[in-house]
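The values are calculated or read from the model by the stated rules, or taken from the named source; none is laboratory data. The model shown is predicted, which means the values in this text are computed figures rather than measured ones. Here the Cβ positions follow ideal geometry from the backbone for every residue, glycine too, while neighbour counts run over all protein chains shown.
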Amino acid sequence: MSPDSSPSVALVRLPNPLGDVVMATPLLRALKTAWPKTRIVAAGKAPYAKLLEGLDSVDRFIALDGEVPDHLALTEAGADLALILPNSWSSAIAASRARIPLRIGRRHQGRRVLLSKALPPIPGAAPMTELYADFLPALGLPREIGAAELVAPIETRTPLPESKHYLAVAPGAAFGPSKKYPQTMLVQALTQLSEVHGFHPILLGSPNERAELEELAERLPVSASLTAPGDHGLDEAKALIHKASVILAMDNGARHMAAALGTPQVVLYGPTHPQWSAHALEKTTILRRDELDCLNCHHKICPLSNHPCMTRITPETVVHAVVRSSQMI
């Protein structure tokens, strides 16, 4: 395909993890730039409508929320082309049953039969921004890797005290507990950051993490604000992250949101490889114990009793990194 033979409607089946959706925004931008007359439709989990709100690279969002079967929701888009970013059978089946004429995705576990054009399997650890850019040559377009982008609302709805330094804190990880920093150590770091350096913590997480966030807030001897997408949606999370001087996060979606919004990030890595999310690193500080042999194990639960990839990152190290990163803005 070329700008002269662009589709009327191009559907992009978004990935499921929040961070991967953020890393798909350069692909959305590349499609809209190459095909300005094409209607770009993004389809994915319902909360991601608010995540992508404000981007002029997306003309329409279709929520795959289970209220109707996915293939019926996709059929309603009237797409000529579907880029299927997840490697799942279900996403390829839905696009096929929606009778979208051209369906492009990666070969994975035999689902080639459901695709019109199959890209090679993922070769190894690489930023998702690069892996999604692989779809462009399959469309006859230049393989370009742009910057992830989000648009944050100007105003926040979460009550916040006056402060010179807001610290967004995203302690959760949908992947599993092996990605999380021990709460006792996190309390120590946040207490010092508040009492010594004047940061006001804003605790962020998914609706499923509300109990964890409330427990953290109760254990903190300092004041903290708390919000979750269930309160106001991902638009509020964007606004709060954009307002923060820095974010302290695990390897999770909030880190990618911050990178796309230009907020400096301090990110703790252990069981997962940083290369999968190595985009927009200009304002990223990675905390990782490189001397450990067990790094990148990808266990959801650490099989070791002392969880060394996290417990060996001291609260003092975290504090120093946050203070230094806050000076990047």
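The condition of being under 16 Å from the mean Cα position of the chain (by Cα) and either surrounded by 15 or more Cβ atoms within 10 Å (Cβ to Cβ) or part of a loop (DSSP other than H, G, I, E, B) (or both) holds for only one of ARG255, ARG289, that being ARG255.
Going residue by residue through segment 242-252, is there one that turns out to be in a helix (DSSP H, G or I) and touching a helix residue (DSSP H, G or I) at 6+ places or on another chain (Cβ under 6 Å)?
Here is the first cut: in segment 242-252, the residues in a helix (DSSP H, G or I) are 242-243.
Imposing the further condition that a residue be touching a helix residue (DSSP H, G or I) at 6+ places or on another chain (Cβ under 6 Å) reduces the set to 242.
Yes, because at least one residue in segment 242-252 is in a helix (DSSP H, G or I) and touching a helix residue (DSSP H, G or I) at 6+ places or on another chain (Cβ under 6 Å).
Restricting attention to segment 21-36, the residues that are farther than 19 Å from MET257 by Cα and either surrounded by fewer than 21 Cβ atoms within 10 Å (Cβ to Cβ) or in the same structural domain as ALA239 (by TED's automatic domain parsing) (or both) add up to 4. Among the residues of segment 131-177, those that are in contact (Cβ under 8 Å) with a residue 40 or more places away in the chain and not in a loop (DSSP other than H, G, I, E, B) comprise TYR132, ALA133, LEU139, HIS165, TYR166, LEU167, ALA168, VAL169, ALA170, PRO177. Among the criteria (1) part of a loop (DSSP other than H, G, I, E, B); (2) assigned by TED's automatic domain parsing to the domain that holds ALA254, the one GLU218 does not fulfil is (1). Could you give every pair whose Cβ atoms fall below 7 Å, whose first residue belongs to segment 37-54 and is buried (at least 19 other Cβ atoms within 10 Å of the Cβ), and whose second residue is outside any strand (DSSP E or B) and among the charged types (D, E, K, R), counting only separations of at least 6 or pairs across chains? Once the first residue is buried (at least 19 other Cβ atoms within 10 Å of the Cβ) and sits in segment 37-54, its partners that are outside any strand (DSSP E or B) and among the charged types (D, E, K, R) give ILE40/LYS32; ILE40/ASP59; VAL41/ASP59.
Only one entry of LEU240, LEU248, LEU268 meets the criterion of being modelled with pLDDT of 85 or more and farther than 23 Å from MET310 by Cβ, and that entry is LEU240.
Selection of segment 210-235 for residues being touching a strand residue (DSSP E or B) at 6+ places or on another chain (Cβ under 6 Å) and not aliphatic (A, V, I, L, M) yields only SER225. PRO201 fulfils the conditions (1) surrounded by fewer than 16 Cβ atoms within 10 Å (Cβ to Cβ); (2) farther than 19 Å from ILE301 by Cβ except for a single criterion, (1).
Annotation note: Cβ proximity below 6 Å between a residue of segment 63-88 that is within 18 Å of ALA118 (Cα to Cα) and in the same structural domain as PRO123 (by TED's automatic domain parsing) and a residue that is among the hydroxyl-bearing types (Ser, Thr, Tyr) and buried (at least 18 other Cβ atoms within 10 Å of the Cβ) (sequence gap 6+ or interchain) occurs for ILE84/SER91.
Look at segment 182-197: where a residue is under 12 Å from GLU316 (Cα atoms) and a partner is surrounded by 18 or more Cβ atoms within 10 Å (Cβ to Cβ) and among the hydroxyl-bearing types (Ser, Thr, Tyr), sitting 6+ places away or on another chain with Cβ atoms under 9 Å, you get ALA189/TYR181. Among the residues of segment 89-120, the ones that are within 26 Å of the chain's Cα centre (by Cα) and either under 18 Å from PRO69 (Cα atoms) or exposed (fewer than 15 other Cβ atoms within 10 Å of the Cβ) (or both) come to 10 in all.
Working only within segment 53-81, note down all residues that are within 16 Å of GLY146 (Cα to Cα) and among the hydrophobic types (A, V, I, L, M, F, W, C).
Result: LEU55, VAL58.
Quick check on segment 262-286: of everything there that is surrounded by 17 or more Cβ atoms within 10 Å (Cβ to Cβ) and of a type in the set (Gly, Ala, Ser), which residue is farthest from the chain's Cα centre (by Cα)? The residue in question is GLY270.
Rundown of residues vs (1) in a strand (DSSP E or B); (2) of a type in the set (D, E, K, R); (3) within 22 Å of GLU236 (Cβ to Cβ), yes/no style:
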{"position": "PRO7", "(1), (2), (3)": "no, no, no"}
{"position": "ASN16", "(1), (2), (3)": "no, no, yes"}
{"position": "GLY19", "(1), (2), (3)": "no, no, yes"}
{"position": "ALA42", "(1), (2), (3)": "yes, no, yes"}
{"position": "LYS50", "(1), (2), (3)": "no, yes, yes"}
{"position": "LEU55", "(1), (2), (3)": "no, no, yes"}
{"position": "ASP65", "(1), (2), (3)": "no, yes, yes"}
{"position": "VAL68", "(1), (2), (3)": "no, no, no"}
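Scanning segment 292-317 for residues that are of a type in the set (A, V, I, L, M) and either in the same structural domain as LEU131 (by TED's automatic domain parsing) or surrounded by 16 or more Cβ atoms within 10 Å (Cβ to Cβ) (or both) gives LEU295, MET310, ILE313.
A Cβ distance below 6 Å, combined with a sequence gap of six or more or placement on separate chains, defines the contacts here; from segment 95-107, residues that are assigned by TED's automatic domain parsing to the domain that holds ILE62 reach residues that are in a loop (DSSP other than H, G, I, E, B) and of a type in the set (A, V, I, L, M) in the pairs ILE100/ALA79; ARG103/LEU115; GLY105/LEU115.
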